[in-house]
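Reading through the structure tokens given below for one structure.
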Amino acid sequence: ILDGTLQLLENCPAQCDRSCHNCLRHYTNQYWHESLDRHLAATLLKHLRFGAVPSTTDLLAQGKKLYALQHMLELDGYACCTGTKVSGVEVPLLVQMGSCTIAIGTYHGLLERDSFDHPLRALDSRDDVFVRLLNEYLLDRNLPAAYHQVKRDLGG
């Protein structure tokens, strides 16, 4: 049963973004439809069954998840660069305003903030770059809150 569930969650016949009537939605959970996420459920199931921990090393995928945030910041006048290296570390999104520079990365919504290694943590010892790791669930479901976190870090 769990193997079939995982197969359905990872390979929805409709290839939906989060959930649909082919994978998770049905009449009795209609009040929760907007909260359902087959990708999050699949990651949780893999962790429970196999001990798999979501990775934080795919910086290209993180850059794609930061795309909307980047455009919000650019509209507000912040200088943004993607795929830039700082001290040999690739940064998914680098944001600058005046003398303030923030390296932004993401981490999976099921991970606790300080419970994992992230490539950007190698920059923590630098005084000229602040590292901000954003929860992907927050970024996806509440972009304005993520935007305000970054803006606050930039002193705005």
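The values are calculated or read from the model by the stated rules, or taken from the named source; none is laboratory data. What you see is a predicted model; the values in this text were computed from it and never measured. Glycine gets a Cβ as well: all are built from the backbone with ideal geometry, and neighbour counts include every protein chain shown. Remember, those area values only see protein heavy atoms, side chains included, never the ligands or the DNA or RNA. Shrake-Rupley method; radii C 1.70, N 1.55, O 1.52, S 1.80 Å.
One table, with the values for the structure above:
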| quantity | calculated |
| --- | --- |
| Principal axes of the chain: Cα extent on each, largest first, Å | 54, 32, 22 |
| Highest-fluctuation residue, Leu120, Leu138, Leu93 considered, GNM on the chain with Cα pairs under 10 Å | Leu138 |
| Surface accessible to a 1.4 Å probe, per residue, for the residues of the chain, Å² | 59 Å² |
| Loop sites in the stretch 55-156: GluC sites (Glu not before Pro), DSSP, at most 14 other Cβ within 10 Å | Glu112 |
| Largest-first ellipsoid semi-axes for the stretch 40-122, taking √(5λ) over the Cα gyration tensor eigenvalues, angstrom | 28, 14, 10 |
| Under Karplus coefficients 6.51, -1.76 and 1.60, residue-wise ³J(HN,Hα) of the stretch 27-42 in Hz, glycine/proline x | 4, 6, 10, 4, 6, 10, 3, 5, 8, 6, 9, 5, 5, 5, 5, 5 |
| At 1.002 mPa s and 20 °C, Stokes D of the stretch 110-156 from Kirkwood alpha-carbon radius, µm² per second | 179 µm²/s |
| Where no second cysteine Cβ lies under 4.7 Å, the cysteines concerned in the chain | Cys80, Cys81, Cys100 |
| Vicinal HN-Hα couplings computed from phi for the stretch 115-130 (Karplus, 6.51 cos²θ - 1.76 cosθ + 1.60; Hz; Gly/Pro x) | 9, 8, 8, 9, x, 6, 5, 5, 8, 4, 7, 7, 8, 9, 9, 9 |
| Cα Rg, Dmax, the stretch 5-91, angstrom units | 17.4, 53 |
| Estimated [θ] at 222 nm from DSSP helical runs (n ≥ 4, -39500 (n - 2.57)) normalised by residues in the chain, nearest 500 | -10000 deg cm²/dmol |
| Rounded percent of accessible protein surface that carbon and sulfur make up, the chain, 1.4 Å probe | 52 percent |
| Largest-first principal axis extents, alpha carbons of the stretch 17-57, Å | 35, 21, 16 |
